[in-house]
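Structure, as structure tokens:
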Amino acid sequence: MDKGFKGTINLNGRPKGSSNVATREIRERFNLLVENNIDKLQKDISSLEPFQRIKVIIELSKFILPTLKSIEIAETTEEEKGNFKPITVNLIDPNGI
């Protein structure tokens, strides 16, 4: 053991839930970068075509929203099929294009 060390050794590593100092600093700097350029970012996103705009927003959301675990839907019985309600999303172009 190092003679200059005056504490207890954590044999379990970093505690669960604690953040890595380097990762925390990078996130803080990235957050600052986005905050300082939010108007430019909005202008750039607004200039994109609708499909590209949606794609960029979805990609950016990965940094904000937690990633959900994918699930597999097993075959269902007739009774279970009655409980399933599909979701339909209609995208409407506000410019009528």
(request) Quickly run through region 41-72 and pick out the residues that are charged (D, E, K, R) and under 26 Å from GLY96 (Cα atoms). (result) LYS43, ASP44, GLU49, ARG53, LYS55, GLU59
(message) If I ask for residues that are small (Gly, Ala, Ser) and either modelled with pLDDT of 80 or more or closer than 30 Å to ASN95 by Cβ (or both), which ones from region 22-81 would you list?
(response) ALA22, SER46, SER47, SER61
(request) Quickly run through region 19-40 and pick out the residues that are more than 19 Å from the chain's Cα centre (by Cα) and assigned to a loop (DSSP other than H, G, I, E, B). (result) ASN37
(message) Whether any residue in region 41-61 is over 18 Å from the mean Cα position of the chain (by Cα), surrounded by 10 or more Cβ atoms within 10 Å (Cβ to Cβ) and in contact (Cβ under 8 Å) with a residue 40 or more places away in the chain is what I want to check.
(response) yes
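The values are calculated or read from the model by the stated rules, or taken from the named source; none is laboratory data. What you see is a predicted model, and the numbers here were worked out from it, not measured in a lab. Here Cβ is always computed from backbone atoms with ideal geometry, including for glycine, and neighbour counts include all displayed protein chains.
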